[in-house]
Amino acid sequence: MAFDPVRELTEAGLDLQVISEEQRAIVAGLSPAEVAMLISVHERLLDTEPEVEAHIIGGLLF
């Protein structure tokens, strides 16, 4: 199966339904290393205090 950044990020718990089609196109072009980095940061933020979680917007980091 070919690498699918959107599937990988969704399976990792990032909610990509809230992003625009333009943003989804960018996400779809991410490399495996970029996806791994986003998942790593997402997991680390989830392990922190709730006030940090508030900075996770739409499942992605901005």
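The values are calculated or read from the model by the stated rules, or taken from the named source; none is laboratory data. The structure displayed is predicted, hence computed values, not measured ones. We place every Cβ from the backbone using ideal geometry, glycine too, and count neighbours over all the protein chains shown. SASA here: full protein model, heavy atoms, side chains in, ligands and nucleic acids out. Shrake-Rupley method; radii C 1.70, N 1.55, O 1.52, S 1.80 Å.
Summary of computed values
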{"read-out": "Residues of the range 1-37 satisfying the condition of being of a type in the set (Lys, Arg) and free of Cβ contacts under 8 Å to residues at least 12 places away in the same chain", "value": "Arg7"}
{"read-out": "Number of the exception - Ala12 against (1) within 11 Å of the chain's Cα centre (by Cα); (2) open to solvent by less than 50 Å² (accessible area, probe 1.4 Å); (3) at pLDDT 95 or above; (4) among the small types (Gly, Ala, Ser)", "value": "(3)"}
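Listed here are the residues, each with its yes/no results for (1) surrounded by 10 or more Cβ atoms within 10 Å (Cβ to Cβ); (2) outside any helix (DSSP H, G or I); (3) within 11 Å of the chain's Cα centre (by Cα); (4) at pLDDT 95 or above.
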residue	(1), (2), (3), (4)
Phe3	yes, yes, no, yes
Val18	yes, yes, no, no
Ala33	no, no, no, yes
Glu43	yes, no, yes, no
